[in-house]
Amino acid sequence: MSKFNTFTSNLRRKYDNGSLGEWFAIFWMLLPYALMFSLFVAIPVAFAIGLSLTYFNSIQFPEYQGLLNYITLLTQDEIFLKYVLPNTFKYSLIVGPGGYILSFFLAWMLAQIQVKPRTILALAIYTPSMVGGVFIAVVWRTLFSGNEAGYINALLIQWGWITKPLQFLQDPAFLMNIMIIVGLWSAMGIGFLAMLAGIINTNEELYEAAYMDGIKNKLQEVIYITIPSMHSQMLFGAVMAIVGAFNSGWIGVALSGSNPTPQYAGQLIINHIEDYGFQRYEMGYAAAISVVLLLMVWGFSKIAYRLFSDK
């Protein structure tokens, strides 16, 4: 009883001093975020991990089978080991860093011009990331169409380089390379806007002081002033580039018109998840693949955090 009295007296003292009231205020401010995070992130991830340990065909009740899905994925799934994993790493390691560098370069270039043309150009560069699927259907599939109506084929035939149309979007020799081009073209998303904002809002006095200390050109300005002044935007852009690169499976499907893609040439891990989850209805196995994808994204995000965090 004495311990309870001591606890209540300490609680009353904290409330009288205002610290308990501040704690409650902080709690209520964080509660909406905590609810949204739990509802849309924590709970779905927990369900996916739990489902990955079962056999679930979307009809019968899930049957627990331990780590069998992961063992099958890493030892017996030839498509995953031979095509999906190499394709995913190739695509992500080119489009992720490539799109990130391109985003920073374009953001820096736009920051050097006046506000009105900068706004128009920024909107034009950002638009493909929002309507990429429409652009692929209307523009890229027309450019690389496998008949003489395709602009690329028409030009190559006109120049005498080929005698009959090439099946760019169905040929494994071309599909991945075209996916990479389209991926880089549509990589200027929210990370690009964050970098642009970071460059524009860098304190001009830092540049003046740097030139007084001996900086002589724009390259040194970027390395020693711009990038160190926008760690948060660089980190955010890196994480968004990683997530975008690993989540770009829709490009190959939109270009080729099928999932799986022709001879698995453009098959990425996100396509493998959709193949097993929504075509074969092996939800447990698809959940295991999604957990592996989550771990891959998490690992690369940790690398980005170590590179760009200012702590």
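Residues in region 147-157 that are surrounded by fewer than 18 Cβ atoms within 10 Å (Cβ to Cβ) and modelled with pLDDT under 85: how many?
3
Got a number for residues in region 197-251 being under 30 Å from residue 274 (Cβ atoms), part of a helix (DSSP H, G or I) and small (Gly, Ala, Ser)?
The qualifying residues number 6.
Quick check, is residue 67 of a type outside the set (Lys, Arg), at pLDDT below 85 and more than 26 Å from the chain's Cα centre (by Cα)?
Numbers: of a type outside the set (Lys, Arg): yes; at pLDDT below 85: no; more than 26 Å from the chain's Cα centre (by Cα): yes.
So residue 67 fails the test.
Mind listing just one residue for me: the one in region 110-125 that is among the β-branched types (Val, Ile, Thr) and part of a helix (DSSP H, G or I) and, of those, surrounded by the fewest Cβ atoms within 10 Å (Cβ to Cβ)? Can you show your working first?
As a first pass, look at region 110-125 and keep what is among the β-branched types (Val, Ile, Thr): 113, 115, 119-120, 125.
Of the ones still in play, those that are also part of a helix (DSSP H, G or I) are 115, 119-120, 125.
Working: 115: 8, 119: 11, 120: 11, 125: 20.
Ranking the qualifying residues of region 110-125, first place goes to 115.
Scan region 193-214 and tell me whether some residue there is of a type in the set (Phe, Trp, Tyr), touching a Ser or Thr at 6+ places or on another chain (Cβ under 9 Å) and at negative phi.
Within region 193-214, one or more residues are of a type in the set (Phe, Trp, Tyr), touching a Ser or Thr at 6+ places or on another chain (Cβ under 9 Å) and at negative phi.
Tell me which residues, restricted to region 134-167, are more than 32 Å from the chain's Cα centre (by Cα) and among the basic types (Lys, Arg).
164
Can you tell me how many residues within region 158-205 are surrounded by fewer than 21 Cβ atoms within 10 Å (Cβ to Cβ) and touching a Pro at 6+ places or on another chain (Cβ under 7 Å)?
Qualifying residue count for the region: 3.
Kindly check whether there is at least one residue in region 276-284 that is among the acidic types (Asp, Glu), in a helix (DSSP H, G or I), surrounded by fewer than 22 Cβ atoms within 10 Å (Cβ to Cβ) and in contact with a helix residue (DSSP H, G or I) (Cβ under 8 Å, 6 or more places away or on another chain).
no
Pull out all pairs, ordered by first then second residue, where Cβ-Cβ is under 7 Å, the residues are six or more apart or on different chains, the first lies in region 73-85 and is in contact (Cβ under 8 Å) with a residue 24 or more places away in the chain, and the second is not hydrophobic (A, V, I, L, M, F, W, C) and not in a helix (DSSP H, G or I).
83/267; 84/267
Taking the stated definitions as given, is residue 38 within 24 Å of the chain's Cα centre (by Cα) and modelled with pLDDT of 90 or more?
So residue 38 does not fit the description; no.
Scan 222, 239, 243, 253 and give me the residue that is free of Cβ contacts under 8 Å to residues at least 60 places away in the same chain and closer than 19 Å to residue 99 by Cβ.
The unique qualifying residue is 243.
Hey, among 196, 235, which residue is of a type in the set (A, V, I, L, M) and at pLDDT 85 or above?
On inspection, the qualifying residue turns out to be 196.
List the pairs whose first member sits in region 120-137 and is at pLDDT 80 or above, whose second member is exposed (fewer than 13 other Cβ atoms within 10 Å of the Cβ), and whose Cβ atoms are under 9 Å apart, counting only residues at least 6 apart or on separate chains?
121/113
When you go through 307, 268 one by one, which is the residue that is buried (at least 22 other Cβ atoms within 10 Å of the Cβ) and in contact (Cβ under 8 Å) with a residue 24 or more places away in the chain?
The unique qualifying residue is 268.
Would you be able to tell me the number of residues in region 151-196 that are within 24 Å of residue 128 (Cβ to Cβ) and either in contact (Cβ under 8 Å) with a residue 40 or more places away in the chain or in a loop (DSSP other than H, G, I, E, B) (or both)?
Going through region 151-196 one residue at a time, the tally reaches 23.
List every residue pair whose Cβ atoms lie under 7 Å apart, where the two residues are 6 or more positions apart in sequence or sit on different chains, the first residue falls within region 30-47 and is without any contact (Cβ under 8 Å) to a residue 40 or more places away in the chain, and the second residue, located anywhere, is assigned to a helix (DSSP H, G or I).
none
The values are calculated or read from the model by the stated rules, or taken from the named source; none is laboratory data. If you're wondering where the values come from, they're calculated on a predicted model, not measured in any experiment. So basically every Cβ, Gly included, is an ideal-geometry build from the backbone, and we count neighbours across all protein chains shown.
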